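The values are calculated or read from the model by the stated rules, or taken from the named source; none is laboratory data. Keep in mind that what you see is a predicted model, and the values were worked out from it rather than measured. Cβ placement follows ideal geometry from the backbone for every residue including glycine, while neighbour counts extend to all protein chains displayed. We work out accessible area using only protein heavy atoms, side chains counted, and drop any ligands, DNA or RNA first. Shrake-Rupley method; radii C 1.70, N 1.55, O 1.52, S 1.80 Å.
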Amino acid sequence: MLHDFGVTGIPEVELKQLNLAWHRLAPWPDGVSGLRHLKRKYVITPLSNRNISLMTDLARYEGLPKDCILRAELVRHYKPDPEVYIS
């Protein structure tokens, strides 16, 4: 994409760091405390269209509590399919 827009001269190390920025996103300000509160009583299992590596990195980066991670492919339903939200 950078090539398509004529962007050049960015060192490879910086390109890799930029590409992995998705793995270092900050949660909503009350996200971690809210999830910790819910975890006292419920199993915390995010379901995402993202890959498991990204979801794991996000959880580790900000200390997001989780019991496991599900990918949409595992349950064969994708957001915004209503069946994704039915337990």
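If you sort the three axes of the alpha carbon gyration tensor as a ≥ b ≥ c, you get a/c of 1.5 or more for the range 44-87 and a/b above b/c, which makes it prolate.
Taking the average, over residues, of other Cβ atoms within 10 Å as the packing measure, peptides 47-60, 73-86 rank 47-60, 73-86 from highest down. A straight Cα-to-Cα reach below 24 Å connects LYS41 with the lysines LYS66, residues fewer than 8 places away in its own chain not being considered.
Give me the percent of accessible area attributable to carbon and sulfur for the chain, probe 1.4 angstrom. Walk me through the numbers before you get to the answer.
Details: 4230 of 7220 Å².
About 59 percent, which is the carbon plus sulfur part of the accessible surface.
Each label was represented as a point 7 Å from its Cα along the Cα-to-Cβ direction; for LEU20 and ALA72 these points are 2.6 nm apart. Using the Cβ of PRO29 as centre and a radius below 15 Å, the other residues enclosed give a net charge of -1, where K and R count +1 and D and E count -1.
Charge tally for MET55 (other residues, Cβ to Cβ under 11 Å; Lys, Arg +1; Asp, Glu -1): +3.
How big is the dipole moment of the range 1-58 about its Cα centre under a simple scheme where the beta carbon of each Lys and Arg is +1, that of each Asp and Glu is -1, and everything else is neutral? Debye, nearest 20, please.
580
THR8 contributes an accessible area of around 120 Å² to the protein surface, as traced by a 1.4 Å probe with all chains present. Of the residues LEU54, ALA21, TYR42, the one whose Cα sits farthest towards the positive end of the charge dipole of the chain is TYR42 (charges of +1 on Lys and Arg Cβ, -1 on Asp and Glu Cβ, taken about the Cα centre).
What does the accessible area per residue of the chain come to in Å², with a 1.4 Å probe and no ligands, DNA or RNA counted?
Details: 7220 Å² over 87 residues.
Computed with neighbouring chains in place, this is 83 Å² per residue.
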